[in-house]
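What follows is one structure encoded as structure tokens, with my remarks underneath.
The values are calculated or read from the model by the stated rules, or taken from the named source; none is laboratory data. None of the values given here were measured: they were computed from a predicted structure. Because the Cβ atoms are built from the backbone with ideal geometry, glycine has one as well, and the counts that use them run over all protein chains shown. When the accessible area is computed, the model is the full protein with side chains, heavy atoms only, and any ligands, DNA or RNA have been set aside. Shrake-Rupley method; radii C 1.70, N 1.55, O 1.52, S 1.80 Å.
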Amino acid sequence: MQGLIQVAGVIDQAEADLIVEEGADWLGFALRLPAKNEDLSEAEAKAIVSRIQPECKGVIITYLTEADETAAFCAELGVGAIQMHGDITPAELRRLRRIAPDLYVLKSLVVKTDNITELAGIVEDSAEWVDMFITDTYNPATGAKGATGLVHDWDVSAELVRISPRPLMLAGGLGPDNVAEAIEKVRPAAVDAHTGLENATGRKDRLKVRTFVAEARRAFNRIGAGVPR
Ligand SMILES: O=C(O)c1ccccc1N[C@@H]1O[C@H](COP(=O)(O)O)[C@@H](O)[C@H]1O
């Protein structure tokens, strides 16, 4: 799967429609977060997912760490993909693969200033039960591990692309102005953005989403990654 574009943090149907119209492939719904600060209810997400699929894929972004609850939640919402941002163990990832073999599993790798060795270990220990890794940025000021709006050291993501047997999605502080440079430097299979596509009111800005998708598609073409379908 190459040249894939995800837009995360869907708030409502109108925003989902905007993202689909502007050509993103996957839409991310942040649910079951530790701070319980979700932007929409699970029922609302379920309704939106049923309308956008199969043209686009709905992805749950979550901190769940337990296989049974994760599989049941995905089945309830009707999604075929889950992005695991919590500290799920390789054993639980293995169990998840056994319980839900068709579920597409993304596992986050949270990049800090000096943790490449730790991240390489996570890749080695969990790749067998993961379909794609996603690198995201740690914010030491808040402890946040996602939707920080901050870029990390892209050399770390580029190294993880080289060593990972699974494709890698790059996230963290991406937006229309830096996504092309990021793709050319890191050469990921996919990119993902949330806060960099919002306007001052916290909603997705159509022009930012349009430019992000166009810039990412152009850069993926330049590095020879085709359009995923
Ligand atoms: O999207 C969220 O609300 C979210 C919540 C908790 C963990 C991760 C989350 N989102 C992921 O973070 C990346 C990067 O965000 P940003 O572009 O730096 O704002 C986002 O693309 C989601 O995959």
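Candidates in the range 161-173 are the residues that are of a type outside the set (A, V, I, L, M, F, W, C) and either in a helix (DSSP H, G or I) or touching a Gly at 6+ places or on another chain (Cβ under 7 Å) (or both); of these, the one that is nearest to THR135 (Cα to Cα) is GLY173. Considering LEU31, LEU18, the condition of being open to solvent by less than 50 Å² (accessible area, probe 1.4 Å) and more than 12 Å from the ligand (Cβ to nearest atom) is satisfied by LEU18 alone.
In the range 100-109, is there at least one residue being within 16 Å of the ligand (Cβ to nearest atom), surrounded by fewer than 19 Cβ atoms within 10 Å (Cβ to Cβ) and closer than 22 Å to CYS74 by Cα? Checking the range 100-109: at least one residue is within 16 Å of the ligand (Cβ to nearest atom), surrounded by fewer than 19 Cβ atoms within 10 Å (Cβ to Cβ) and closer than 22 Å to CYS74 by Cα. So, ILE88, is that one crowded, with 17+ Cβ neighbours inside 10 Å and within 11 Å of the ligand (Cβ to nearest atom) or not? So ILE88 fails the test.
Considering each residue of the range 132-154 in turn, none proves to be away from the ligand (no atom under 16 Å from the Cβ), under 17 Å from ILE88 (Cβ atoms) and touching a helix residue (DSSP H, G or I) at 6+ places or on another chain (Cβ under 9 Å). Residues of the range 45-72 being surrounded by fewer than 18 Cβ atoms within 10 Å (Cβ to Cβ) and within 16 Å of the ligand (Cβ to nearest atom), which ones? Across the range 45-72, the qualifying residue is only THR65.
If you go through the range 143-160 one residue at a time, do you hit one that is of a type in the set (Phe, Trp, Tyr), within 22 Å of ALA8 (Cα to Cα) and assigned to a loop (DSSP other than H, G, I, E, B)? Within the range 143-160, not a single residue is of a type in the set (Phe, Trp, Tyr), within 22 Å of ALA8 (Cα to Cα) and assigned to a loop (DSSP other than H, G, I, E, B). Taking every residue in the range 43-62 that is under 22 Å from ILE134 (Cβ atoms) and in contact (Cβ under 8 Å) with a residue 60 or more places away in the chain and pairing it with any residue that is open to solvent by 10 Å² or more (accessible area, probe 1.4 Å) and among the aliphatic types (A, V, I, L, M), at least 6 positions away or on another chain, the pairs with Cβ-Cβ distances below 9 Å are ILE61/ALA30; ILE61/LEU33; ILE61/ALA147. When VAL209 is tested against the conditions (1) within 14 Å of the ligand (Cβ to nearest atom); (2) in contact with a Phe, Trp or Tyr (Cβ under 7 Å, 6 or more places away or on another chain); (3) of a type outside the set (Ser, Thr, Tyr); (4) in a helix (DSSP H, G or I), the lone failure is (2).
The residues on offer are ALA216, ALA171, ALA158, and the sole one that is touching a residue at least 60 places away in the same chain (Cβ under 8 Å), surrounded by 15 or more Cβ atoms within 10 Å (Cβ to Cβ) and out of contact with any Asp or Glu (no Cβ under 6 Å at 6 or more places or on another chain) is ALA216. Looking only at the range 174-183, residues that are closer than 20 Å to MET132 by Cβ and surrounded by fewer than 20 Cβ atoms within 10 Å (Cβ to Cβ) come to 0 in all.
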